[in-house]
1. Contact order normalised by length for the range 133-188, with contacts defined as Cα pairs under 8 Å and 6 or more residues apart; what percent is it?
2. Please turn the phi angles of the range 140-146 into ³J(HN,Hα) values with the Karplus equation 6.51 cos²θ - 1.76 cosθ + 1.60 (θ = phi - 60°), one per residue in order, whole Hz, x for glycine and proline.
3. Could you work out the local net charge near I171, counting Lys and Arg as +1, Asp and Glu as -1, over the other residues with Cβ closer than 9 Å to its Cβ?
4. Using a Förster distance of 30 Å, how high is the FRET efficiency between W141 and E74, based on the Cβ-Cβ distance and rounded to 0.05?
5. What is the range 120-243's relative contact order, in percent, from Cα pairs under 8 angstrom and six or more apart in sequence?
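Bear in mind these aren't lab numbers, they're just calculated from the coordinates by the rules spelled out. On a predicted model such as this, the values are computed, not experimentally measured, just so you know. Methodologically, a virtual Cβ is constructed for each residue, glycine included, from the backbone with ideal geometry; neighbour enumeration extends over all protein chains shown.
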Amino acid sequence: MKKILFLLVATVCALAACEPVQEDVSNGGNITVDELKAKSTVTVDKAPSGKNGNVITCSTSAPVNAKWNIGGKEFIGNYAWKKMKLGKHKVVLTALCADGTVLLDSCEIDCQEITNELQKFYIYGDVANNPDQVPFQPGAWDAAAMRFSSTEGAHLPTIPDDVYFGLKTLIFDVSDVTADFDLKVMNGWWSNTYYDHVKWQNGLNELQITETLAKECAKGGEGRDLDLMLYSGSMTLNSVYYEE
C-alpha cells in the first residue's frame, strides 16, 4: 500500500516504574527504551479501494505486553481505522516488562492532506435499505429499548466486534429531546456503567467507544451488549451510525 498524506516526526520516550507482574520473556525480564523504539513501528496508509479514511498500523516485536493509543484513545490489536483531521495526532505505546518496568514510546503523526470523503455506516436508521428501522421513542427505565442486541433488545441490532474494536465513535441522530433528558450508558442488564447522566441535544450526539467498553460489550461476551437507558425525559432516536 502506498504511503501518502502523513509524516512521522519527533519520537519522545520516557521511563517509569510499576508493580511487578508474573511473566517470562526471552531477555530475562527487561528491555531498554531504545530497544523498544527499535522494535516498534507506526505507519499510516490510504485505505484500500472501496474504503474511505486511512489505516493506522501500530506494531512491536519487543518481548513485552504492549498497548497502543491514538489521541488518548486506546485500541485493541495492531491496526485501527481512524477518522483523521488536519493537524497533529499523538500515538503512544505503553509497554510493560516482566520485571515491572513501564516503557513509553510516543510519536507524532502530522496529517497534511485529506482527499477522501468519510462514508456513513449505519447501525440503525438506514430506512432506504431497511424499511423497518424507523425512528422510535424509548421509554424511561426501559433497559431493552436501546440495547444493541438482536436477541434481547427491543429495536437495535447487535453491533459487530470490528465496530467496537476499531476506534469507532458512534453518532446518534436524535430529535424531540426534552429538557429533563438524562441518559445512562451501560452494558447488558444493569452491568458496568461507562457514562452516567449524559445530556443530549437535538441533532448529532457522539458516543466514544473506549477499550474497556469494547472488551465488555463485544458480542459473545455473555450478553453484555451496549445498552443506553433513559433515567428521565424523552427523545426520538432517528439513526445510529459511524463514519470512515
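1. Details: 32 pairs, mean separation 9.8, N = 56.
Computed value for the range 133-188: 17 percent relative contact order.
2. Taking θ as phi minus 60°, the curve returns 5, 6, 9, 6, 8, 4, 10 Hz for the range 140-146.
3. Details: positive: K120; negative: D173, E206, E243.
Residues close to I171 contribute a combined charge of -2.
4. Values: r = 32 Å, r/R0 = 1.06.
E between W141 and E74, to the nearest 0.05, is 0.40.
5. Values: 290 pairs, mean separation 50.0, N = 124.
Answer for the range 120-243 is 40 percent.
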